[in-house]
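Following: one structure in structure tokens, then a few remarks.
The values are calculated or read from the model by the stated rules, or taken from the named source; none is laboratory data. Note that the structure is a prediction, hence the values are computed from the model and not measured. Positions of Cβ are backbone-derived with ideal geometry, glycine not excepted, and every protein chain shown enters the neighbour counts. We work out accessible area using only protein heavy atoms, side chains counted, and drop any ligands, DNA or RNA first. Shrake-Rupley method; radii C 1.70, N 1.55, O 1.52, S 1.80 Å.
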Amino acid sequence: MAACKSVSKMNSTIRCLNGCCKCVVAAPSHPRFFQVALSRCVSTDGGNGDPPKFQPPPKPVMIDKSKTEASHRRFLSPEFIPPRQRTNPFKFAIERKDMIQRRKIIDIPEFYVGSVLAVVMADVYASGKSNRFVGICTQRSGKGLGATFVLRNIIDGQGVEICYDLYSPRIQQIEVLKFEKRLDDNLMYLRDALPEYSTFDFDMKAMPPPLPGAEVPINQQKVKMKPRPWSKRWERSRFNIKGIPFELYFTEEELTHAKKWDTPWVEYDMLKEYDTSNVEKHIWTEVQRELSK
Amino acid sequence: MAVRSCRLFSWIGGCLTKRDLICGKTVNINRGPCWFFVRSVKSSTWWDEHLSEENSQFLRRLIPEEYNALANSKLCPLKDEPWPQQPWVEGSLRVGLIAVKLGMMPVWTKSGERHVVSLLQVEDCHVIKYIPKEEYDGKSAALFVGGKVSSPFSRSESLLQMYRDAGVPPKQKLSTFKVSDNAILKPGTPLYAAHFRPGQYVDVTAKTIGKGFQGVMKRWGFKGQPASHGQTKTHRRPGASGPGGKPARVWPGKKMPGQMGNIYRTSFGLKVWRINTKHNIIYVNGSVPGHRNCLLKVRDTNLPTRMEHNKNPPFPTFFADGEEQLPEDLYDEEMFQFSEPSIVYS
């Protein structure tokens, strides 16, 4: 809490150091008044006479200096990380065995939400008994064998989203055409974006595969939207979207109105904390060991 | 000392009136001495009331270790011969198992269809007691089977004696299976998941998840009333309770709010997709009543259309020390195994 810390003399003017409040008070020689004026100086009002806004203290950021950036990036597919439940961890171990067995047969590459994939699936009704679909990955959900990912593309003007099971035996090949990440974990807002952001050519050439230790390239693209109303109110903080330039579509008033649905306390909720770093390490070593057998 | 103090309390209890004692329910003033409020040493005590802290900690550590050792020593040279095994005959009932519900998982068939299965793990399942036909109900014999191992503390002596006679540590769940005379087993026989085979059908009984006292909308699926348009204090109520003047009463069994869940229910005709003989896990189709880590009673199905799939099972049960060496995983013929290549339609 910033407080008026420096005072030259008891009898002189008291001035705030942090500069947010402009109180300059001539202090008489009474010691009591000194204390009272100090407490008043602490208020962080904008000078309008509004009630003071609560500025939450900044959350401490732990920077682990022991790990360097150049170390090998270890990728563990998110469906291996068990959810925080009352299930016996033995059940997850049994499921992981099946997942690793499937990964030995088919190569499930590393990909993120925002990468463009091509999936070849066995289909009874297609000519040649298999169909190929290219699209951008909009969501990855599910844990264990039931993990899914959704690919989106626009074909002949019609938006198409297909949800695939990662471990389904009907999938014959998964190929990453563009390996990148986006600013968000969930790209459902592409449904309300202009069609050019969801169209991908079926004959798109594959990018060269990423180096094993390299960082994932993050596409900083901000997406232009169709006129409102959208399918969901993407400006609200519960979606936490960074990939839409809201300033182009909302006035200042509307943005402050959207802030009413903010839940800033969720960041500090200790019961929601789930530190997966140790679990990830164990599972990563286990998966690497089994895959190399 | 404790006995004398208890006697003192019972005397005081006799002298106190309703006003002096705090009781939750209304008590008849003319009742006799309130000795039932008082516990005497001879009636009940808990297992570590008279033990020192050290001793009770020692027992808590020792007992599970001993039980684990007992469970792991499957071949004991001092054991007697098992009872004579008879071959399977159409119409004979064999024993079931007690399993722990681990969770659920998807499973795919060779044609690419997706089904969900529940994983049931058979942990330390033993036959505890044999009750002959005459003592049980005159029609069929019964076998008591116990599930997961639990602590011997806070249990009645008669129950503990029954476990001692079988030579088995006390179990968390004890259930009865009606069994035909050619399928009886000796008390103390361990039961494994390989008792069931893939492709057969089972019935699973367990206590459903308890939801407590619930209203009529959640419990019976009533539609309730509209949220607005003038409803006064009536949004989730049952509404009318019956016809009117002719019966002029409410029928017995009328659906009303009350306790929901925490009762025994059975799922019938569930197909077994896979058996893991190493960890004793049964993969059973669909969902099963109960929460995760609850204890279930699994038996061969009663449904007449599914009983033809249960022909020639391991009878009376699967014996681990027999000649048969099973592979680690037994799969149903229709199930896709992850070691096979991806499905290709032709």
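Please list A:164, B:345 from largest to smallest accessible area, probe radius 1.4 Å, with all protein chains kept in place. Don't skip to the answer; put the middle values down first.
Details: A:164 10, B:345 40 Å².
Most to least solvent-accessible, the answer reads B:345, A:164.
Around residue A:231, under 14 Å between beta carbons, what's the net of Lys plus Arg minus Asp minus Glu among the other residues? Don't jump to the answer; show the numbers that get you there.
Details: positive: A:152, A:191, A:226, A:228, A:232, A:233, A:236; negative: A:161, A:192, A:235.
Neighbourhood net charge equals +4.
What do you reckon, how do B:319, A:80 stack up by accessible area (1.4 Å probe), largest on top? Mind showing how you got there, number by number?
Details: B:319 45, A:80 10 Å².
Result, largest first: B:319, A:80.
For the stretch A:201-293, which GluC sites (Glu not before Pro) are in a loop by DSSP, counting at most 11 other Cβ atoms within 10 Å? Before the final figure, lay out each step's value.
On the way: sites: A:215, A:235, A:247, A:252, A:253, A:254, A:267, A:273, A:280, A:286, A:290; in loops: A:215, A:235, A:273.
Here the sparse-neighbourhood loop sites are A:215, A:273.
Which pairs break 21 Å Cα to Cα here: B:139/B:171; A:129/B:110; A:181/A:242; B:186/B:278; A:91/B:218; A:53/A:242? Mind dumping the intermediate values first?
Details: B:139/B:171 27 Å; A:129/B:110 15 Å; A:181/A:242 13 Å; B:186/B:278 24 Å; A:91/B:218 31 Å; A:53/A:242 25 Å.
Result: B:139/B:171; B:186/B:278; A:91/B:218; A:53/A:242 exceed 21 Å.
Could you identify which residue out of B:207, B:178, B:278 has the top mean-square fluctuation in a GNM of chain B using Cα springs shorter than 10 Å?
Taking springs between Cα atoms under 10 Å, the residue moving most is B:278.
Quick check for you: with a 1.4 Å probe and neighbouring chains kept, what is the accessible area per residue of the stretch B:270-346, in Å²?
Values: 3860 Å² over 77 residues.
That works out to 50 Å² per residue.
Which is the longest part of chain B that has none of the GluC sites (Glu not before Pro) sitting in a DSSP loop with at most 10 other Cβ atoms within 10 Å? Spell out each step's value before the answer.
Details: sites that count: B:49, B:90, B:323, B:324, B:328, B:333.
Here the longest run is B:91-322.
How many Cβ atoms of partner chains, on average, are near each residue of B:110-117 if near means within 10 Å of its Cβ?
Numbers: counts 1, 3, 8, 1, 5, 0, 1, 0.
Taking the mean over all residues of the peptide, I get 2.
Which of rounded, prolate or oblate describes chain B when judged by the alpha-carbon gyration tensor and an a/c cut-off of 1.5?
Oblate shape, in that a/c is at least 1.5 and b/c is the bigger or equal ratio.
Pop out the carbon and sulfur fraction of the accessible area of the stretch B:180-259 as a percent, whole number, probe 1.4 Å. Could you put the intermediate results ahead of the total?
Values: 2760 of 4830 Å².
The C+S portion of the solvent-accessible surface of the stretch B:180-259 is 57 percent.
Whole Å is fine, so just give me how far the alpha carbon centre of the stretch A:183-238 lies from that of the stretch B:123-196.
The stretch A:183-238 and the stretch B:123-196 have Cα centres separated by 61 Å.
Keeping every protein chain in place, order B:104, B:335, A:188 by accessible area at 1.4 Å, biggest value first, i.e. largest first.
Values: B:104 75, B:335 5, A:188 40 Å².
Solvent-accessible surface, decreasing: B:104, A:188, B:335.
Restrict the search to the stretch B:104-173; then list the trypsin sites (Lys or Arg not before Pro) that DSSP places in a loop and that have at most 15 other Cβ atoms within 10 Å of their Cβ. The partial results should precede the final answer.
On the way: sites: B:110, B:114, B:129, B:133, B:139, B:148, B:155, B:164, B:171, B:173; in loops: B:110, B:139, B:148, B:155, B:173.
Passing sites in the stretch B:104-173 are B:110, B:139, B:155.
What spacing in nm lies between the two simple spin-label points modelled at residue B:48 and residue A:211, each 7 Å away from Cα in the Cβ direction?
5.9
I'd like the residues of the stretch A:122-156 whose 1.4 Å-probe accessible area shrinks by no less than 50 Å² going from the isolated chain to the full set of protein chains.
With the partner chains in place, the stretch A:122-156 has these residues losing at least 50 Å²: A:129, A:145.
Residue farthest toward the positive end of the dipole of chain B, with Cβ of Lys/Arg at +1 and Asp/Glu at -1: which of B:314, B:326, B:230?
After comparing all options, I get B:230.
Looking only at other chains, what is the average number of their beta-carbon atoms within 10 angstrom of each beta-carbon in A:99-108? Spell out each step's value before the answer.
On the way: counts 1, 1, 4, 6, 1, 2, 5, 3, 0, 0.
For this peptide, the per-residue mean of nearby foreign Cβ atoms is 2.
Could you state how much accessible area residue B:80 has, in square angstrom rounded to the nearest 10, with a 1.4 Å probe and all protein chains kept in place?
In the full protein context, residue B:80 sits at about 110 Å².
Mind grabbing the interface size between A and B? I mean buried accessible area, both sides, 1.4 Å probe, in Å² to the nearest hundred.
Chains A and B together bury roughly 2300 Å² of accessible area.
Taking each residue of A:169-178 in turn, how many C-beta atoms of other protein chains fall within 10 Å of its C-beta, and what is the average?
Details: counts 14, 10, 3, 4, 1, 0, 0, 0, 0, 0.
The per-residue average across the peptide is 3.
With springs only between Cα atoms under 10 Å apart, run a GNM on chain B and tell me which of B:152, B:252, B:316 wobbles the most.
B:252
At a 1.4 Å probe radius, carbon and sulfur cover how many percent of the accessible area of the stretch A:205-293?
Numbers: 4040 of 7100 Å².
That share works out to 57 percent.
Can you give me the solvent accessible area of residue A:84 with a 1.4 Å probe, rounded to the nearest 10 Å²?
140
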